[in-house]
1. If each residue of separation counts as 0.36 nm, what is the full-extension length gain between ASP125 and THR78 once their alpha-carbon separation is subtracted?
2. Modelling each spin label as a point 7 Å along the Cα-to-Cβ direction, I'd like the ALA91/ALA187 distance in nm, to one decimal.
3. When the gyration tensor of segment 9-194 is built from Cα positions, what are the square roots of 5 times its three eigenvalues, in whole Å, from largest to smallest?
4. Can you work out the Karplus-derived ³J(HN,Hα) for every residue in segment 3-18? Use 6.51 cos²θ - 1.76 cosθ + 1.60 with θ = phi - 60°, whole Hz, and x for glycine or proline.
5. Which FRET efficiency value, to the nearest 0.05, is calculated for HIS141 and THR109 with the Förster distance at 22 angstrom and r the Cβ-Cβ distance?
6. Under Stokes-Einstein, with the Kirkwood radius over Cα pairs standing in for Rh, what whole-number D in µm²/s applies to segment 67-124 at 25 °C and 0.890 mPa s?
7. Collect residues whose amide H, placed 1.01 Å from N in the peptide plane, falls under 5 Å from the amide H of ASP155; neighbours closer than 5 in sequence don't count.
8. For a quick protection proxy, order the peptides 99-106, 15-22 by their average other-Cβ count within 10 Å, most packed first.
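Only the coordinates and a few stated rules stand behind these numbers; no lab work does. For clarity, every value in this text was computed on a predicted model and none was experimentally measured. Cβ atoms come from the backbone with ideal geometry, glycine included; neighbour counts cover every protein chain shown.
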Amino acid sequence: MALVEPVTLSSRGIALVPLALAHEEGLRAAAADGELWQIRVTSVPEPQDTRGYIETALQMREAGNRFAFAVTDEATGTVLGSTSYHDILPAVKRVEVGYTWYAKRCQRTHVNTTCKLLMLTHAFDTLGCNVVGWRTDNFNHASQRAIERLGARKDGVIRSHALRRDGTIRDTVMYSVTAGEWPEIKAQLLYLLNKPRPEKE
């Protein structure tokens with residue numbers, strides 16, 4: 001049995017549903033909000049590549065090393081972006097969270113914090129993971145700040161680790177949260193979500 005089985009996670013008006021070909025149009029529209037594929041340090045699909053993006057995610061799910069979600073508005077079903085568990089290692093009960101992006105209108109709102117709370121809660125409290133990791137481009141400073149804001153610890157940098165979409169070679173910054181750290185991280189995420197704040201941070 002796979003470590004990550006099909007599941008829908010929801011809270012605070014956000015639902016993470018298993019990514020499917022039916023999400024193609026919604027995913028394309030979400031990426032178009034801000035033309036996110038233009039950002040060289042992300043993996044957002046270009047409009048014509050959206051179906052291939054989903055097909056690749058489904059192939060990786062079948063292989064057991066990635067489980068992708070569509071991030072949706074729970075009330076309307078509108079696709080807001082996508083996120084995944086990946087580099088799934090059942091033997092040591094480790095997953096990473098990544099392939100994450102949101103429509104521009106959803107950035108710097110409660111959406112990312114809610115998604116991370118859902119995914120971390122499921123990973124630690126349901127799947128019994130020992131550790132949850134993240135990796136990001138060394139030039140993706142916004143992503144690094146967001147990961148650090150969650151309370152994850154920086155493990156280090158893997159130099160010359162992967163290709164960017166423009167063909168350049170990136171360094172990869174690695175972060176993680178362990179099961180022992182999870183209760184404090186969970187309390188911090190709930191604090192961030194519950195504190196009064198303007199519509200846009």
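1. On the way: separation 47, 0.36 × 47 = 16.92 nm, distance 2.78 nm.
Extending this stretch completely gives an extra 14.1 nm.
2. If labels sit at ALA91 and ALA187, their model points lie 3.6 nm apart.
3. Numbers: eigenvalues 106, 82, 56 Å².
In descending order the semi-axes read 23, 20, 17 Å.
4. 5, 9, 9, x, 7, 10, 10, 8, 5, 6, x, 10, 10, 9, 10, x
5. Values: r = 19 Å, r/R0 = 0.88.
Using R0 = 22 Å, I get an efficiency of 0.70.
6. Values: Rh = 12.1 Å.
Calculated translational D: 203 µm²/s.
7. When sequence neighbours closer than 5 places are left aside, the close amide H contacts are MET174, TYR175, SER176.
8. Values: 99-106: 20.5, 15-22: 17.2.
Going from most to least packed, we get 99-106, 15-22.
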